[in-house]
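These notes are about the structure you will find just below.
The values are calculated or read from the model by the stated rules, or taken from the named source; none is laboratory data. Remember, it's a predicted structure, so these values are computed and weren't measured experimentally. All Cβ positions, even for glycine, are placed from backbone atoms using ideal geometry, and neighbour counts span all protein chains on display. Only protein heavy atoms, including side chains, enter the accessible area calculation; ligands, DNA and RNA are left aside. Shrake-Rupley method; radii C 1.70, N 1.55, O 1.52, S 1.80 Å.
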Amino acid sequence: QLQASGGGLVQAGGSLRLSCQGTGRTLSKGWFRQAPGKEREFVAVISRIGDTNYADSVKGRFTISTDNAKNTVYLQMASLKPEDTAIYYCAAGPTYSTRPRSYASWGQGTLVTVSS
């Protein structure tokens, strides 16, 4: 069971850190987001050995990391923009993938709102 937290309201240019506990020893842990009226989209993924991949829209601003001792994956978000507003979901799965369908376990989502 994945538990995501850390969302909230922040001004453009600000930062937030999302956490997701309960990821276990899965091969990959990812973050996705879904804005109102849009499909769920890939944000970032990290493999068990630390390989990372980011969506072009967040590259250079977001950082994904893990703390295996705490069974937790993080998403550090900086220089936030209004277009980053969405519900953010964490996911865990057996393949290193940017596709939502590759992930078997999902958190409940945490809302991030960026005001202009």
**Fill in**
Taking protein heavy atoms only, a 1.4 Å probe, and rounding to whole percent, the accessible area of segment 51-116 owed to carbon and sulfur comes out at 48 percent
**Message:** I'd like to check one number: the per residue accessible area of the chain, probe 1.4 Å, reported in Å² as a whole number.
**Reply:** 53 Å²
**Request:** Would you mind checking segment 66-81 for residues with the amide N under 17 Å from a putative spin-label position 7 Å along Cα→C-beta of GLN11?
**Result:** 78-81
**Asked** Which of these, GLY22, GLY13, GLY93, has the largest mean-square fluctuation under a Gaussian network model of the chain (Cα springs below 10 Å)?
**Response** GLY13
**Message:** What number does the chain give for Rg over Rh if you use C-alpha atoms and the Kirkwood radius?
**Reply:** 0.93
